[in-house]
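Scroll down for the structure; my scribbles are underneath it.
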Amino acid sequence: MNRAKYFCLATLVFAASAANAQTQGGPPQDSVAVASAPSRAADFDEGFSRYGRFLQQIQTAEQPALASFSAFSEEVRAAMALTDHALARRRVHASIDHTLAAIATADTQVAAVAIVEVDVLKLPPELQPAAQQQSVRTLNGQMRTAINGFGPTIDAAVRNDPRAAAATGRAMLGNIKLVLDTSELLARGQAAAVKDEGGGRELFAFEATFYHTVSRLLSAYQIGRAPRLDTVLVRDLLAAATEVDALRQSRITKSQAIIARLRAASEDARSKGDQARQALADKLLRVFEAGQPVADLMQRFSAVVRQSATTLTTHPAGSAVLMAAIKTLMPFKQGIMAVADAENRAASGATP
């Protein structure tokens, strides 16, 4: 099935977009001010915990779909390696059916999560519970469309119809790119909405750059055209690495300052016997500390993207080179998810 190289590329990119529904919590913008004040701390702490638990419930409901996404990409790559094309087709369609069922179940459970009242947090519209829930459901719908695109492509390949395979392949890649681009827009919208001083904006912006970079690598692949050196792609990759370097430095500076303020607030509350304010300050400290690994994640991301740019300086942007570049980015989405989950668990009051 050499004519369907882009099909294998799509499965790899699909893995990058599979976990796009991850929601992120983190402290609202005035959380440190509340922790430093003698009033409202208990109400704020309760609202913060409600929000963290809500995000965890959304993630738990979505997790089976994410696991199915990951299994789907592996199953498709294994099927494409088969010499029996009819068997490969059956396996891909079975995987499609299984994954669609998992998405449907997860979407129903996500929709069933009760919206919580968190007015005390003064969240911007993009971070309100209902908006977080709807973003997951919207992206689930786009995932369904992307998955369905694999069927016609494998069917055309089995029929030995290169023209149809190319046409459906372009549509399939376009659907996956739509998922990635929508995920980037959502992350950038959330970054713009966060007015915090602790680096939450930088985490959302990093996630957006991740999606943008994978989407850019995907769009570089031209079905039906001979691979060529792509100097514009190289330039764009280097720009993404530079952007993440700046985000990393900004987050480090902000988080160090905010952690120092929270420690001071906790000590002040302890010395004055204000248990509610101390509890909130300590919880916020745990949230910020849970997010510290993202700085290392950003540093490694920049290095990996720069290495891909170096490779593409001398190698044409064909499917093998692009697949290799995209594959090196897969662990970073998992890392972002791990940081977000750790922050949400800390916000909910869960034990690490």
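Each value in this text was obtained by applying a stated rule to the coordinates, not by laboratory testing. Because the structure is predicted, anything quoted here is derived from the model rather than measured. Every residue, glycine as well, gets a Cβ built from its backbone with ideal geometry; the counts of neighbours run over all protein chains shown.
Miscellaneous remarks
- Listed by chain and number, the aspartates and glutamates whose alpha-carbon sits under 16 Å from that of Lys122, ignoring those within fewer than 8 places in the same chain, are Asp30, Asp43, Asp45, Glu46, Asp196, Glu197.
- Only one residue of Leu186, Gln256, Gly273 has its Cα farthest out toward the positive end of the dipole of region 186-339, where Lys and Arg carry +1 and Asp and Glu -1 on Cβ, and that residue is Leu186.
- Descending semi-axes in Å of region 75-158, equivalent ellipsoid built from Cα gyration tensor: 39, 11, 9
- Inter-label distance, nm, simple model (7 Å from Cα along the C-beta direction), Asp43/Ala324: 5.9
- Shape of region 77-234, Cα gyration tensor, a/c cut at 1.5: oblate
- Maximal additional length on extending the Ser271-Glu289 stretch stands at 4.2 nm, based on 0.36 nm per residue less the C-alpha distance.
- Between Leu185 and Gln249, the simple label model (points 7 Å from Cα in the Cβ direction) yields a spacing of 3.2 nm.
- Annotation: amide H of Asp230 within the under-5 Å range of Ala317, sequence separation 5 or more or interchain, hydrogens built in the peptide plane.
- Annotation for region 101-157: trypsin sites (Lys or Arg not before Pro) lying in DSSP loop with at most 16 further Cβ atoms inside 10 Å of their Cβ are Lys122.
- The value of relative contact order for region 243-320, using C-alpha pairs under 8 Å at least six residues apart, is 38 percent.
- FRET efficiency for Arg228 and Thr145, using Cβ-Cβ distance with R0 set to 41 Å, rounded to 0.05: 0.85
- Counted charge near Asp107, where neighbours are those whose Cβ lies closer than 9 Å (Asp, Glu -1; Lys, Arg +1): +1
- Segment Ala94-Ala303, length gained on full extension (0.36 nm per residue, minus Cα span): 71.4 nm
- Were the residues from Ala86 through Thr310 laid out at 0.36 nm apart, the gain over their Cα-Cα distance would be 76.7 nm.
- Modelled label positions at Ala104 and Asp296, each set 7 Å beyond Cα in the direction of Cβ, lie 4.3 nm from each other.
- Local electrostatic count at Asp84 - Lys and Arg +1, Asp and Glu -1, tallied over other residues with Cβ under 12 Å: +3
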